[in-house]
Amino acid sequence: MSATQVEILESVSRFLQRSHGLYIDGRWQESTAAGRMAVWNPADGRQIASVADASADDVNRAVNSARHAFESRIWADMLPAIRERVLLRFADLVEQHAEELAQLETLEQGKSIAISRAFELGCTLNWMRYTAGLTTKISGRTLELSIPMPEGARYQAWTRKEPTGVVAGIVPWNFPLMIGMWKVMPALAAGCVIVIKPSETTPLTLLRVAELASEAGVPDGVFNVVTGQGSTCGAALVNHPAVAKVSFTGSTQTGKQIARSAADRLTRVTLELGGKNPALVLKDADPVLVVEGLMTGSFLNQGQVCAASSRIYIEAPLFDRLTADFEQAVKSLKVGPGLDASAHINPVVSLAHQHKIGAFIDEARASGATLLSGDAGPGNGGFYVAPTLVVNPDAGLRLVREEVFGPVINLVRVADAAEGLRLANDTEYGLTASVWTQNLGQALDYSARLQAGTVWINSHTLIDANLPFGGMKQSGTGRDFGPDWLDGYCEEKSVCVRY
Ligand code: NAD
């Protein structure tokens, strides 16, 4: 083993060997379905575990357990300060198991252990504690009224926030633990109960934290995990009549399907969907800052980040210099397994995803676009994709218009900032964007004119628990994070008193 290779903890090996069931009503339960789903290690293409492929009956059992817990009011009526303390204890337990969870995440998802430690655990813990703190800040308003009848009557009114009920959380595979906790924590802080379904590709870490939630004192039935396919288990969950709110993160295609089925029952939905995020580099930008910021903004987690910059529009005077600098940066990246802490780029999540990204690259190559690629990675059966720059691709190519979700970015020369802005906004998505300039006026103007839920000035992809996040256009509806985050998990009730 090399000095930079991480040694797997005994607790991780033991967890992988378990026969994983479903976490319902505070305990492990068997699925009624015979089938299992394999979990693969993207670094070598080998199976590391298997999990239950839950049936609609299993989902029904989980939702009924959640409904029962909600109706008992055991969680919603707990004093907010006590609920907060339970959630803080939950965060402490996740922190105590941080290395175990980071290793599990790298093993199932492929990402660098450094990213698992810093983001899936480090940032998740910040989010968990931030959200736990919101438990004691739920508040309404008092309202003055002008109701004129009957004569002489007076009124006083206020609003109160009440937990919505049973939440269905549906999670993608790119940040399984972090995004999972972006659903669990606000739901629980608001007094809701949750049934969460991780991606079929990356189910392990959410299963592990379910036990920690119980250990922290989250009552039975309040936090349930079902594993299974999207089209069966996921669909049964979002269509269950007892589900009051769906919090979905994933592709725009699946998000639309969920919105359509939620419409039938007017189930509340938050949709955090895909992005095809532009970076607009103006001619006065600092080239060193641009390359440093957009290498991270584009290649973090192999580009499998909804917010990642993937279309970089550069004003003509800086284009050649920046293309050369990006090429040098990409060629210096070491490609290797996530458990090798010295590797910068790691495998993508699955064989199917590797093939999908390959098809985008092949199409660009066939069109005659210039491709500048780095290291292709070890040829050991792992799902590697070489980090790649596509220079001045044809604007109609799929890789310009669709989300690749891989280590592939486009560099495009634009005559001036106005052309850059037009091309940046020429997309059906609106998740994130960035503008790079040293001119304050330009920075403010372009941050207002870029059509995206989040715009960064001189950085990209960096998010924070206190900064609302979500999409415009086809990138979703609703906002996560920030001081108003729990509003998405509450009903606002108006109370009016005559006196
Ligand atoms: P996906 O849409 O294929 O799957 C997401 C989840 O939905 C999985 O758990 C899947 O099993 C489930 N699912 C699939 N069909 C379903 C159905 N009919 N009913 C209910 N659930 C169903 O997405 P993915 O490939 O796992 O994730 C990548 C996508 O997620 C990208 O498009 C990325 O941009 C997006 N994403 C968005 C954000 C954001 O905050 N906006 C964050 C991360 C990822």
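The values are calculated or read from the model by the stated rules, or taken from the named source; none is laboratory data. Computed from a predicted model, the values in this text were never measured in an experiment. Virtual Cβ from ideal backbone geometry, glycine too; neighbours counted across all protein chains shown. Areas reflect the complete protein model, heavy atoms only, side chains present, ligands, DNA and RNA absent. Shrake-Rupley method; radii C 1.70, N 1.55, O 1.52, S 1.80 Å.
Okay, here's what the table says:
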{"item": "Listing of helices (runs of 4 or more DSSP H) fully contained in region 46-147 that carry 2 or more residues being basic (K, R)", "result": "56-72, 80-96"}
{"item": "Filter pass, S139 being under 27 Å from A69 (Cα atoms), surrounded by 21 or more Cβ atoms within 10 Å (Cβ to Cβ) and hydroxyl-bearing (S, T, Y)", "result": "no"}
{"item": "Filtered residues of region 52-80 (kept if open to solvent by less than 20 Å² (accessible area, probe 1.4 Å) and among the charged types (D, E, K, R))", "result": "D58"}
{"item": "Residue in region 29-51 that is open to solvent by 20 Å² or more (accessible area, probe 1.4 Å), modelled with pLDDT of 95 or more and among the aromatic types (F, W, Y) present", "result": "yes"}
{"item": "Selection count, region 384-402, where residues are within 16 Å of the ligand (Cβ to nearest atom) and either in contact with a helix residue (DSSP H, G or I) (Cβ under 8 Å, 6 or more places away or on another chain) or within 11 Å of T323 (Cβ to Cβ) (or both)", "result": "4"}
{"item": "Residue, farthest from the ligand (Cβ to nearest atom), within region 284-299, restricted to residues that are surrounded by fewer than 19 Cβ atoms within 10 Å (Cβ to Cβ) and in contact (Cβ under 8 Å) with a residue 60 or more places away in the chain", "result": "D284"}
{"item": "Answer from R422, R413 - the residue that is surrounded by fewer than 20 Cβ atoms within 10 Å (Cβ to Cβ), in contact (Cβ under 8 Å) with a residue 60 or more places away in the chain, under 21 Å from L399 (Cβ atoms) and not polar (S, T, N, Q)", "result": "R413"}
{"item": "Cβ-Cβ under 8 Å pairs, at least 6 apart or on other chains, region 230-250 side within 20 Å of L22 (Cα to Cα), far side assigned to a loop (DSSP other than H, G, I, E, B) and acidic (D, E)", "result": "G230/E200; T232/D53; C233/D53"}
{"item": "Hits in region 173-201 - residues which are within 9 Å of the ligand (Cβ to nearest atom) and charged (D, E, K, R)", "result": "K197, E200"}
{"item": "Residues satisfying the stated conditions in region 229-238, i.e. out of contact with any strand residue (DSSP E or B) (no Cβ under 7 Å at 6 or more places or on another chain) and either within 19 Å of L204 (Cβ to Cβ) or near the ligand (Cβ under 8 Å from one of its atoms) (or both)", "result": "Q229, G230, S231, A235"}
{"item": "Hits in region 462-490 (condition: within 11 Å of the ligand (Cβ to nearest atom) and open to solvent by less than 20 Å² (accessible area, probe 1.4 Å))", "result": "F469, G470, G471, S475, G476, D480, F481"}
{"item": "Whichever residue in region 310-341 is of a type in the set (D, E, K, R) and in a strand (DSSP E or B) and, among such residues, is farthest from A415 (Cα to Cα)", "result": "D340"}
{"item": "So D445, is it modelled with pLDDT of 95 or more, part of a loop (DSSP other than H, G, I, E, B), farther than 30 Å from F119 by Cβ and more than 12 Å from the ligand (Cβ to nearest atom)", "result": "no"}
{"item": "Filter result for R83 (open to solvent by less than 40 Å² (accessible area, probe 1.4 Å), basic (K, R) and more than 24 Å from the chain's Cα centre (by Cα))", "result": "yes"}
{"item": "Residue check, L333 in contact with an Asp or Glu (Cβ under 9 Å, 6 or more places away or on another chain), open to solvent by 10 Å² or more (accessible area, probe 1.4 Å) and of a type in the set (A, V, I, L, M, F, W, C)", "result": "yes"}
{"item": "So P347, is it open to solvent by less than 40 Å² (accessible area, probe 1.4 Å) and in contact (Cβ under 8 Å) with a residue 40 or more places away in the chain", "result": "yes"}
{"item": "Residue that is more than 19 Å from G297 (Cα to Cα), under 28 Å from the mean Cα position of the chain (by Cα) and among the hydrophobic types (A, V, I, L, M, F, W, C), where the choices are L371, L351", "result": "L351"}
{"item": "Single unsatisfied condition, A433 versus (1) in a loop (DSSP other than H, G, I, E, B); (2) within 16 Å of the ligand (Cβ to nearest atom)", "result": "(1)"}
